[in-house]
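These notes concern the structure reproduced below.
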């Protein structure tokens, strides 16, 4: 007679008993595995999110060509705004996005309180785009999206740090003065970016030019050119020939630096994850060593009554896999939540949960549990007679 | 001291004596380093026999049982069980041999502490072939533990634990029951219960080899074998408590004129 389901049922029954034989130790092992899974999942999530974020930032920072005036140009430090209009809106790879910026230092104050004026950088900008994130920072994209809904027509965007140092909460106007000219603007406070935008004021290019008395001039033009490096280089060469007093250069070096930083962060996170998992395996191994000592007699007896090493090993490995799975499922979920909190605390932006991290963390935890069960694996080599003689 | 017959004639002299031997031990030697635990032990066991294996501590009784049960290997010699030479079996064949042909009962019971009485019995079924809970329940009922099925070993008395171990040993209907001092850890009343179970097993035709130090328990057996320092020094089937000891060459000691001691080295036939 052969009834595999009865044996499977017995297998599950023994497993359940093995798992709950010592609840205290079960808790300790699960805690170790969950903690290991949590930390490794958090680090992996940060790592994956950092990669995604860097890619997204490259895309949102977007421009890969920057056009600035040559030092030998007629009006040092400024370009003619007409260049902005002349830059073609397509190349052979697709749509070109572009934005012109004019920078100037102005005096700013909050008329609603009596605090004095402080210096700030005013950035006038004008853009042409199909995808705004290719030429504007994410904070400015948000401002662009909201600007049409703002109550006043005369408004500007103010970086978070500057707004808080002036006591601006959104309702108060901002007074901007350049020389003898001043203007009061309603304010849209930008979200925190962690970049220079936090201390700057953004206003429309035309208004900024008037205020700074720099009519028809811009400080630089940033362009997002699609295509391969060769296509981008051809675009730059064309610009150089059309605008001899302007200098066009690719932003590749900047990207390469970012890539190197990411690579280092990634290596660091990988090493930290490996270290944490190794520590977890050692913790589990320590607990399993105790269990192995307790189970020596049981294994000797199982072998004496006809249990093969393979069947006994199956029981123990399945036990380890279950522990790894449960610890991994709990820990990885906690770890992803942890990484979101860590991202928020460290970088000011919550790391997005990456689904791929979850199965990877659980699988790693299962592997760690199996490695940690090494003392149990060795146990199946015991000889019953040796155990019963009390020699081992 | 009781005056009851040492061997129950209704069970000791069964016709099985005419059958070919179930177990044949030939010149069995077991050495642990320089220590020789068994020194050329030879004897046969007929089907249905109950043998009391006696001797002082360190005489090689447990070693003999371990080799016979496939738990240990002999240094030399041959052990044939039901025509199969077990000294030539590999590890996987020994596992199968243990699960199919041998039922072990140990002095320390050796139950798995986190499995219930029922599960301990079913464990032997699981390793043998397939579990059958109703059969395991029946086995425990036969040893009087119908109301202890779901008890963990720690919640059972010593006698009850030993009865679980006996049920486990019998569940796969082994050809040979090897019991290593099965009553060694039991009080008198539990000892009586356990011995009664063995008596029933014997009456049912099971072959039993039981290590014991207790002469009263040995009286229940149909045959007595005694080991001293690894030598077989007594092998008798009736009134064995009054039989003279045998020298290593099987002659009565000390009146045989064969040996002056039971030491094989000084024994010259």
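Residue B:103 passes all but one of (1) over 18 Å from residue B:204 (Cβ atoms); (2) within 13 Å of another protein chain (Cβ to nearest Cβ); (3) in contact with a strand residue (DSSP E or B) (Cβ under 7 Å, 6 or more places away or on another chain); which number fails?
Only one criterion is unmet by residue B:103, namely (1).
Among the numbered criteria (1) in contact (Cβ under 8 Å) with a residue 24 or more places away in the chain; (2) within 30 Å of residue A:228 (Cα to Cα), which one does residue A:144 miss?
Going through (1) in contact (Cβ under 8 Å) with a residue 24 or more places away in the chain; (2) within 30 Å of residue A:228 (Cα to Cα) one by one, residue A:144 breaks only (1).
Collect the residues in the range B:189-212 that are on the phi < 0 side of the Ramachandran plot and either assigned to a loop (DSSP other than H, G, I, E, B) or in contact with a strand residue (DSSP E or B) (Cβ under 7 Å, 6 or more places away or on another chain) (or both), keeping them in residue-number order. Give the steps one after another, and end with the answer.
Keep residues of the range B:189-212 that are on the phi < 0 side of the Ramachandran plot, which gives B:189-204, B:206-212.
B:198, B:201, B:202, B:204, B:206, B:207, B:208, B:209, B:210, B:211, B:212, listed by residue number.
Out of the residues in the range B:169-191 that are modelled with pLDDT of 90 or more and over 15 Å from the mean Cα position of the chain (by Cα), which is surrounded by the most Cβ atoms within 10 Å (Cβ to Cβ)?
In this case the residue turns out to be B:171.
Do you know which residues across the range A:211-229 are touching a helix residue (DSSP H, G or I) at 6+ places or on another chain (Cβ under 9 Å) and free of Cβ contacts under 8 Å to residues at least 60 places away in the same chain?
Those that are touching a helix residue (DSSP H, G or I) at 6+ places or on another chain (Cβ under 9 Å) and free of Cβ contacts under 8 Å to residues at least 60 places away in the same chain: A:215, A:229.
Picking from A:5, A:115, which residue would you name as being at pLDDT below 85 and either under 30 Å from residue A:179 (Cβ atoms) or in contact with a strand residue (DSSP E or B) (Cβ under 7 Å, 6 or more places away or on another chain) (or both)? Please lay out each step first, then the result.
On the way: A:5 fails: either under 30 Å from residue A:179 (Cβ atoms) or in contact with a strand residue (DSSP E or B) (Cβ under 7 Å, 6 or more places away or on another chain) (or both).
Going through A:5, A:115 in turn, the sole match is A:115.
For the range A:293-392, list the helices (runs of 4 or more DSSP H) that sit wholly inside it and hold at least 1 residues that are surrounded by fewer than 20 Cβ atoms within 10 Å (Cβ to Cβ) and within 11 Å of chain B (Cβ to nearest Cβ); which are they? Walk me through how you get there before you give the answer.
Numbers: elements: A:309-347, A:357-372, A:374-379, A:384-388.
Those helices (runs of 4 or more DSSP H) span A:309-347, A:384-388.
Out of all the residues in the range B:82-100, which are within 11 Å of chain A (Cβ to nearest Cβ) and within 21 Å of residue B:46 (Cβ to Cβ)?
B:97, B:100
Answer yes or no as to whether residue A:241 is surrounded by fewer than 21 Cβ atoms within 10 Å (Cβ to Cβ), without any contact (Cβ under 8 Å) to a residue 12 or more places away in the chain and farther than 20 Å from residue A:128 by Cα.
Values: surrounded by fewer than 21 Cβ atoms within 10 Å (Cβ to Cβ): yes; without any contact (Cβ under 8 Å) to a residue 12 or more places away in the chain: yes; farther than 20 Å from residue A:128 by Cα: yes.
Yes, satisfied.
Using the structure shown, decide if residue A:45 is within 14 Å of chain B (Cβ to nearest Cβ), at pLDDT 80 or above, surrounded by 13 or more Cβ atoms within 10 Å (Cβ to Cβ) and not in a loop (DSSP other than H, G, I, E, B). Outline the logic, then answer.
Details: within 14 Å of chain B (Cβ to nearest Cβ): no; at pLDDT 80 or above: yes; surrounded by 13 or more Cβ atoms within 10 Å (Cβ to Cβ): yes; not in a loop (DSSP other than H, G, I, E, B): yes.
So residue A:45 fails the test.
So which residues in the range B:63-79 are within 11 Å of chain A (Cβ to nearest Cβ), surrounded by fewer than 23 Cβ atoms within 10 Å (Cβ to Cβ) and assigned to a helix (DSSP H, G or I), if there are any at all?
none
Where residues in the range A:193-223 are surrounded by fewer than 16 Cβ atoms within 10 Å (Cβ to Cβ) and outside any helix (DSSP H, G or I), which of them is modelled with the lowest pLDDT?
Out of the qualifying residues, it is A:194.
Of the numbered conditions (1) touching a residue at least 12 places away in the same chain (Cβ under 8 Å); (2) more than 29 Å from residue B:200 (Cα to Cα); (3) in a helix (DSSP H, G or I), residue B:93 satisfies every one except a single condition; which is it?
(1)
Pull up the range B:136-149, narrow it to residues that are farther than 20 Å from residue A:18 by Cβ and under 24 Å from the mean Cα position of the chain (by Cα), then point me to the one that is nearest to the other protein chains (Cβ to nearest Cβ).
Looking at residues that are farther than 20 Å from residue A:18 by Cβ and under 24 Å from the mean Cα position of the chain (by Cα), I get B:139.
Here are some residues: A:240, A:258, A:231. Which one is more than 36 Å from the chain's Cα centre (by Cα) and either over 30 Å from residue A:96 (Cα atoms) or modelled with pLDDT under 90 (or both)? So that I can check it myself, show each step before the final result.
Working: A:258 fails: more than 36 Å from the chain's Cα centre (by Cα); A:231 fails: more than 36 Å from the chain's Cα centre (by Cα).
Within the list A:240, A:258, A:231, the selection yields A:240.
Mind listing whichever residues of the range B:155-192 are closer than 15 Å to residue A:305 by Cβ and without any contact (Cβ under 8 Å) to a residue 40 or more places away in the chain?
B:173
Quick one: would you say residue B:152 is in contact (Cβ under 8 Å) with a residue 12 or more places away in the chain, more than 30 Å from residue B:37 (Cβ to Cβ) and facing chain A (nearest Cβ under 8 Å)? Outline the logic, then answer.
Values: in contact (Cβ under 8 Å) with a residue 12 or more places away in the chain: yes; more than 30 Å from residue B:37 (Cβ to Cβ): yes; facing chain A (nearest Cβ under 8 Å): no.
The answer is no for residue B:152.
The values are calculated or read from the model by the stated rules, or taken from the named source; none is laboratory data. Just so we're clear, the structure is a prediction, and the values are computed from it rather than from any experiment. Backbone-built Cβ (ideal geometry, glycine too); neighbour counts: all protein chains shown.
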